[in-house]
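As structure tokens, the structure follows; a few thoughts come after it.
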Amino acid sequence: MSFPASHKTVYVLDHGPFFAESCEHPVEFDVVALSKTRSTGFIPLAPFCKSLWTCSIESVLEYCRVVFDIFPKGKLISVLASDTQARPLNTWNQEDQNISQLMVSLAGLPPLRGPKSNDASILNGLSSAVEVMTAGTDLQLQTQAALNEEEGGEKVLNRGHIICITSVKSESHGDMLIECVRDTIAQQNKLLLSGDNENLIPITNCQLTLINVLPTNKEGAVKDRPPTVLSSHLTAEIHSAKAGRHLANKLSQLVQKHYDLAITTVTGIPMKEEQNAMSSANYDVELLHLKEAHFDLRKLESVMTNQPEPEPSNTMVISTKGPVATVTKSPESNNILLKWCQPRSSSVELLHCGGAYRVSPVGVNSRHSVCLTNFLLNGRQVMLEQPRKVGSKVISHMLASHGGEIFLHCLATSRSSLEDPPSISEGCGGRVTDYRITDFGEFMRENRLAPCQPTPETEEEAPIERAKSQLERMTRLWPMVISNTIIFNMPSHLDPLPTLITKSVLTDDEVLECKKAVYHVVGMETRNEPLPVPTMGSRGKGPKREEQYRQMWSELETLVRAHSATSPAHEKVLQCILDCRKPPGDEAGKTSTKRAAERVTVKVEKTDPDAMETQPLWPENDRSGGPDIKTEMHKENIRGVLDQPPIKKQKMYIGDLIGKPKAGPQSLLSLWSGRINTIHSKRHSEFAGRSESSGKVAALYPNLMKEEKESTNGEVKKERTS
């Protein structure tokens with residue numbers, strides 16, 4: 001049985017004379033509290049600098065605090081101090097796994113100065129760390145005893161981390177330290193395999209991490225090395241860090257890497273100002289916990305963005321604040337930003353929770369972390385929502401305390417795991433009631449597997465491969481929902497084309513049957529028959545008939561085109577559909593008979609109707625398979641187009657349009673004007689001259705013109721008689 005490497009961690013602290021030096025990072029005394037009571041001549045104390053030893057043990061204690069907070073059991077840490085000899089500060093016993101025990105032990109180890117410091121060596125601590133690693137923990141020994149009782153002789157695989165905080169002077173010095181650990185592991189394993197010691201377990205794999213600590217005013221001469229496998233038992237890496245906050249950040253990165261942790265930044269926490277209690281401001285607090293608490297968020301984002309693995313996307317807010325900002329710059333960030341919601345004072349309400357994880361503040365001594373911790377320990381709950389860049393906000397987590405420990409609860413953002421499993425009629429977007437359940441049952445019956453006889457060696461393809469090939473062909477286009485398809489809802493009109501087109505080989509008769517189905521659809525469109533379009537879930541009148549046929553032809557072409565490369569016979573069926581389908585540039589105003597005539601691509605002269613007997617109505621490759629009935633039908637349709645007399649357009653006058661309603665919807669003003677004009681027309685007496693005139697134009701003073709004409713005629717007669 002294998003234990004993870006995080007089960008055992010050994011810290012080796014260099015207690016040599018170098019770590020008694022100053023870190024060169026000055027610390028100011030806090031004199032703000034004394035500002036009101038100090039006298040006029042008060043002189044503040046000068047800043048001081050911590051030693052490298054103090055910076056090292058502070059960072060190690062912070063590492064241990066995070067592990068002990070999140071993992072009360074199962075994750076053990078042993079600390080050694082190395083000077084003239086190795087000094088173990090605790091053991092693998094569970095009673096020694098606490099901060100108090102380590103602080104008491106470290107209090108008796110001040111920075112080493114004096115003549116004895118010249119004999120100090122980090123090699124003593126590294127050799128002792130390998131020996132401590134071989135010592136079995138209580139859990140390992142119990143597991144080994146249980147395995148010994150079983151048959152098979154399985155052994156416990158001993159794995160762990162060794163973290164050494166020292167000063168690496170050069171590249172060769174680092175190689176020497178790594179070589180020392182590798183030789184010690186080989187010697188210890190050899191002794192344990194040859195001897196019989198029940199409490200010691202050979203090392204299966206050790207991950208060595210060397211941290212080169214430097215004062216803040218110096219630069220290291222050793223380059224960082226990534227994890228490198230040196231043998232089957234040892235993997236080594238080297239990091240350089242300056243003392244102070246840089247070393248604390250480095251160990252914060254390591255604790256996240258070793259124990260698979262992540263950070264949740266709670267932002268927007270309302271908190272009163274320390275100096276002015278009447279005002280408040282919003283602060284952020286970072287909490288460390290297991291990375292599993294972010295799994296649902298990353299899984300949800302991967303589904304929304306169609307990514308194969310959970311990765312941060314544009315809809316998830318990634319935080320880059322806090323002391324671990326260097327970690328958040330990686331492509332896969334471990335820091336997620338969640339927003340504070342109004343706390344719930346009542347704990348009676350039950351919420352669907354998918355997991356609870358212990359948390360540990362990143363800055364445990366900061367005022368913001370202390371206020372949030374006290375707020376939660378008093379029995380209050382805090383809801384956390386995910387501020388999305390796109391879409392609405394979702395409450396995904398909750399902070400609450402149980403038994404004096406604070407937990408981060410993962411709330412269900414979709415269907416709860418406590419509910420009944422969803423039925424087949426329910427999907428991600430809500431309730432879906434138009435699945436093709438009957439067709440899917442028929443599809444499963446057609447693709448059932450049955451035992452077969454042993455395959456002869458001469459057969460080219462195995463039966464299982466043929467079954468896979470058939471399943472692949474039948475699922476190239478198979479809509480799951482009734483409302484997403486048209487051609488599969490009209491089997492009486494298209495059969496057997498959808499079934500035959502999925503076959504690997506088509507005969508001439510089967511090609512003819514497919515063409516007959518296509519011609520039948522052409523006749524339906526010619527007669528302007530409605531298509532069986534499902535109305536389930538649709539509102540309003542739905543698409544027009546022209547649009548329905550366009551969608552049907554597009555889906556039919558997609559189906560046949562997906563199988564057109566199977567054989568030349570399949571290509572003939574596709575070519576027939578392309579010849580019969582209406583081109584996309586046709587105008588919608590043409591009559592159905594004219595569309596049918598254009599689709600068969602017949603060139604006929606209007607002045608010679610007898611040419612119909614000599615011109616082919618269908619392409620040469622389809623004429624042999626086309627039925628005579630369809631041919632005669634299209635002949636009659638085209639003759640009807642040619643025999644129609646030309647339509648004469650009536651001339652319209654502007655005067656005829658005055659007062660008459662126009663086509664289309666009328667407004668209230670037009671209706672009222674029409675009514676007024678009708679009433680006035682009944683009361684109006686027509687002009688006598690216009691009523692007696694024969695045309696639209698009435699002559700003025702017709703009697704006067706008549707008298708002038710008569711007088712003129714009389715004078716002409718007198719002249720002739722005289």
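The values are calculated or read from the model by the stated rules, or taken from the named source; none is laboratory data. Just so it is clear, the structure is predicted and the values come from calculations on it, not from any experiment. Backbone-built Cβ (ideal geometry, glycine too); neighbour counts: all protein chains shown. Surface areas here come from the heavy atoms of the whole protein model, side chains and all, with no ligands, DNA or RNA. Shrake-Rupley method; radii C 1.70, N 1.55, O 1.52, S 1.80 Å.
Using a 1.4 angstrom probe on the protein heavy atoms only, line up 232, 483 by accessible area, largest first.
Values: 232 90, 483 55 Å².
Ranking 232, 483 by accessible area, largest first, yields 232, 483.
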Above-threshold pairs, the threshold being 27 Å between Cα atoms, out of 73/257; 75/291; 190/250; 257/339; 169/250; 468/516: 190/250; 468/516
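Eigenvalues of the Cα gyration tensor times 5, then square-rooted: what semi-axes does that give for region 137-257, in whole angstrom, largest first? Could you put the intermediate results ahead of the total?
Working: eigenvalues 242, 54, 22 Å².
They are 35, 16, 10 Å, listed from largest to smallest.
At most 14 other Cβ atoms within 10 Å and a DSSP loop assignment: could you name the trypsin sites (Lys or Arg not before Pro) in region 195-278 that fit? Don't jump to the answer; show the numbers that get you there.
Values: sites: 218, 223, 242, 245, 250, 257, 272; in loops: 218, 223.
Answer in residue order: 218, 223.
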Percent carbon-and-sulfur accessible area, region 130-285, ignoring ligands, DNA and RNA, probe 1.4 Å: 50
Given a Förster distance of 56 Å, the FRET efficiency implied by the Cβ-Cβ spacing of residue 492 and residue 413, rounded to the nearest 0.05, works out to 0.80
Extension length gain for residue 452 and residue 509 (0.36 nm per residue less Cα distance), in nm, is 17.5 nm
Keeping all protein chains in place and using 1.4 angstrom, which order do 375, 71 fall into by accessible surface area, from largest down? 375, 71
